[in-house]
Structures are given as C-alpha cells and as structure tokens.
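Single-structure report; data block below.
The values are calculated or read from the model by the stated rules, or taken from the named source; none is laboratory data. Just so we're clear, the structure is a prediction, and the values are computed from it rather than from any experiment. Neighbour counts run over all protein chains shown; Cβ positions are idealised from the backbone, glycine included.
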C-alpha cells in the first residue's frame, strides 16, 4: 500500500462496444436538446469515473456474495478490520495531518476493495481513463422523444414532452485501466471486474428504457514489475519502456490472484 515507491505498473488498453443505445447526459439542457450527451471537445465520451464506479460496485456485489464480511460495500457499514469502513476509526484518522497519517501507515488496515479502489484515507491504486472514440472514428448522437408519465393514471401528462440524445448501438470506444503497486488481492479483484465487463455491464442513464449496455470486447497489456518471475523490472522499464504481456499469461496471473482471494475467505 506504499505510494512512495513505484514497484509495478500494469496498463490495459481496452476496447468497448455498445450493445444498446447509450445516453450519458450532462444534466443541463442545451439549445439543441433537453438532455444532451456529454461531450469533450465536441465529441461524445464516457467518463472514466463512471466506468470505475461500475467496476467498484460490481466487485463489491460479487465479493459480498462470495466472501461475506471480507470487503466493504458502498453506503453500508464497513467490515471489521477495515479502517476505511469503520466510521469512528475513519473520522479519527481523517482528523490527522498527511504527515501524521503517513507515520501510522504500518498500523492501518484496509479490506481488499478499499485497498484497490481507495477511500478517504488511501489513494486508489486503480485509474481508469475516459472512453473515447478510436482515432479517426466518430459518431453523432441521434435525438429521441420522451414524455412525462402521470404516476396516478399511468398515462402521459399533457405538455410534458422532452427529447434526449442517444448514441445508437454498435459504437466503439477505447479506454485504459492502470494499476500501480499491484498486490495479490488486486489481481483477484481485477479478474472479477474484467470477467464481468466481458459479459456486459450498464453505464449512463435511461436504463429503464433499455439503454446503457456495453461490453469489453478486447484488451492488450503492458507492464513492468519488480517481482523477478515477471521478467521486466523498473530498470528495464526505464531503459526500454513497458513490456507487452502475453494476454493468456496475464489472465493466468489474474486467476491465480482470484484463487488466493477465495482461499483466504
């Protein structure tokens, strides 16, 4: 959990494809639409924070099923032994200065999920970039209509018509996942996230309309790691850059981490 050293870095360059229409709204109406799609430099994108949030909630749900009481879950009481999940302990530690907190690092304890995704006491080891269109590729959102529904009658309300922007099915995006100073548990949690993303997951809004389904269609891996058997350490990285990892070998490392995580339940 020491962020003062750089012992490993794994970067997954990922490809994402929408299996349904997609709406990631700005929350503010524009001159063209009541609910425009979020844009960056004029181009629609999916925020990395949204992808990372889905990854965390997915991992939390699965770990709370497979290893009950071993990992914290957002908005729920923390598990015993996790300083980030214990409300009283967290408040006590949040009152310390950065120097005082750093001096106590050896005595702090975090569950695997808080250790990977971070908390108010610990910086995350996992970073996720925005998902953008591949270079040279672009799609323009279409506009769909909606109406307000009267909750009492179940019928459309008068004069409550609106529109919203949607990227149609089949859009392709690229984004990256970066994991630094990976610990064995991190590989196990990343294994869960990757497998679920390959099956498909939901992002954005209007999900009750059937929107938001996307899936991970492929990825490549580059890395360096001070673990000798990985074969590419920090010095090699400084000399030659990150090495490309064989995907099947990398998935083997993830699965080993997941197996150890389950055995430690």
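Check 85, 53 and return the single one that is assigned to a loop (DSSP other than H, G, I, E, B) and either in contact with a strand residue (DSSP E or B) (Cβ under 9 Å, 6 or more places away or on another chain) or free of Cβ contacts under 8 Å to residues at least 60 places away in the same chain (or both).
Step by step, each of 85, 53 is checked, and only 85 is assigned to a loop (DSSP other than H, G, I, E, B) and either in contact with a strand residue (DSSP E or B) (Cβ under 9 Å, 6 or more places away or on another chain) or free of Cβ contacts under 8 Å to residues at least 60 places away in the same chain (or both).
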### Task
Looking only at region 85-94, decide whether some residue is crowded, with 17+ Cβ neighbours inside 10 Å and under 22 Å from the mean Cα position of the chain (by Cα).
yes
### Query
How many residues does region 1-43 hold that are loosely packed, with under 13 Cβ neighbours inside 10 Å and assigned to a loop (DSSP other than H, G, I, E, B)?
10
### Query
Of the residues that make up region 105-124, is at least one at pLDDT below 90, loosely packed, with under 12 Cβ neighbours inside 10 Å, more than 24 Å from the chain's Cα centre (by Cα) and part of a helix (DSSP H, G or I)?
yes
### Summary
Checked against (1) assigned to a loop (DSSP other than H, G, I, E, B); (2) under 27 Å from residue 210 (Cα atoms); (3) at pLDDT 85 or above, residue 74 satisfies every condition except (3)
### Task
Search region 125-165 for residues being in a strand (DSSP E or B) and modelled with pLDDT of 95 or more, and hand back the single one that is farthest from residue 86 (Cα to Cα).
132
### Query
Could you give every pair whose Cβ atoms fall below 6 Å, whose first residue belongs to region 243-259 and is touching a residue at least 24 places away in the same chain (Cβ under 8 Å), and whose second residue is surrounded by 14 or more Cβ atoms within 10 Å (Cβ to Cβ) and not in a helix (DSSP H, G or I), counting only separations of at least 6 or pairs across chains?
244/222; 245/221; 245/223; 250/221
